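Colleague: One structure, as structure tokens, below. Some questions next.
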Amino acid sequence: MKKDQVIALDGPSGSGKSTVAKLVAQELNLIYIDTGAMFRAVAYALQHTGIEFTKSKLDPADEQKIQDFFHHHRFQFAPQPGVLVQLDNLNLTDVIREHHVSRLASQISKHKVIRDFLAHWQRSIVEDRPAILDGRDIGTVIFPNAVVKVFLTASAEERALRRFEELKARGQTEHDFQSILKDIKERDHEDMTRESAPLKRAVDGLELDSTGKTIPEMVQFIVNLWNERKGSL
């Protein structure tokens, strides 16, 4: 079976996926699809609908409300320079990076109606163009036939420290390390135990532990894999 011309980079929150994926895309001249930003954009958009996303299963009425929202509003990925995600005419690039939106994204990601919408959106962007996508189910659900699958991980403490430093650099000093670590551990549990597309390494994926590794080392590892395997496309 012919492989999809895709690098699937999966892993838990804060493992460095987006940083590594962006640099790999630059190195190999691939399209980079930030699926985390897409989930956060949908979470931000749906947070005022009155739907209780912490429930394990949505009511049919809630699912219909979400379907109607998707039908009447338009999400766009990178529609123009400087805009990562847009909802109708609203630029969501900055607001989706707020810490509470990341937490909400984990809650909405449990629900199939939302994951199905995101899957269709992600596949429609890539189409016939070589791309790298980072997320939690890229290699297991979205592109199970990707030519390269890497599961990028790190300890919860390492990931919490990275997130803490990232927020501090943005001037968001109201978050302390312990609360961020607690959030990450809870998100890991939710991501790995959800019924729809749980976070896990693809059977034919390679695990790359980013603890103690430099960004260039991780980028080169993935670039080498692509160069070794692209002949099978």
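Colleague: What residue, of 19, 93, 54, 49, is of a type in the set (Ser, Thr, Tyr) and touching a Gly at 6+ places or on another chain (Cβ under 8 Å)?
Modeller: The unique qualifying residue is 93.
Colleague: If I ask for residues that are under 20 Å from residue 140 (Cβ atoms) and either of a type in the set (D, E, K, R) or assigned to a strand (DSSP E or B) (or both), which ones from the stretch 64-113 would you list?
Modeller: Matches in the stretch 64-113: 110, 112.
Colleague: Pick from the stretch 114-145 the residues that are more than 12 Å from residue 31 (Cα to Cα) and not in a helix (DSSP H, G or I): which of them is nearest to the chain's Cα centre (by Cα)?
Modeller: Out of the qualifying residues, it is 135.
Colleague: Now a separate question. Count, please, the residues in the stretch 44-57 that happen to be closer than 16 Å to residue 190 by Cα, in contact with a His (Cβ under 9 Å, 6 or more places away or on another chain) and not charged (D, E, K, R).
Modeller: Adding up the residues that qualify gives 1.
Colleague: Take the residues in the stretch 137-192 that are hydroxyl-bearing (Ser, Thr, Tyr) and free of Cβ contacts under 8 Å to residues at least 12 places away in the same chain, then tell me which one is surrounded by the most Cβ atoms within 10 Å (Cβ to Cβ).
Modeller: The selected residue is 179.
Colleague: Return the pair list, or none, for Cβ contacts closer than 7 Å from residues in the stretch 65-93 that are surrounded by fewer than 16 Cβ atoms within 10 Å (Cβ to Cβ) to residues that are among the basic types (Lys, Arg) and modelled with pLDDT of 95 or more, at least 6 apart or on different chains.
Modeller: Pairs that qualify, where the first residue is surrounded by fewer than 16 Cβ atoms within 10 Å (Cβ to Cβ) and the partner is among the basic types (Lys, Arg) and modelled with pLDDT of 95 or more, are 88/74.
Colleague: Report, by residue number, each residue of the stretch 202-213 that is surrounded by fewer than 18 Cβ atoms within 10 Å (Cβ to Cβ), touching a residue at least 12 places away in the same chain (Cβ under 8 Å) and not β-branched (Val, Ile, Thr).
Modeller: Across the stretch 202-213, the qualifying residues are 204, 206, 207, 209.
The values are calculated or read from the model by the stated rules, or taken from the named source; none is laboratory data. Keep in mind it's a predicted model, so treat the numbers as computed, not measured. Please note: Cβ atoms are built from the backbone with ideal geometry, for glycine as well, and neighbour counts cover all protein chains shown.
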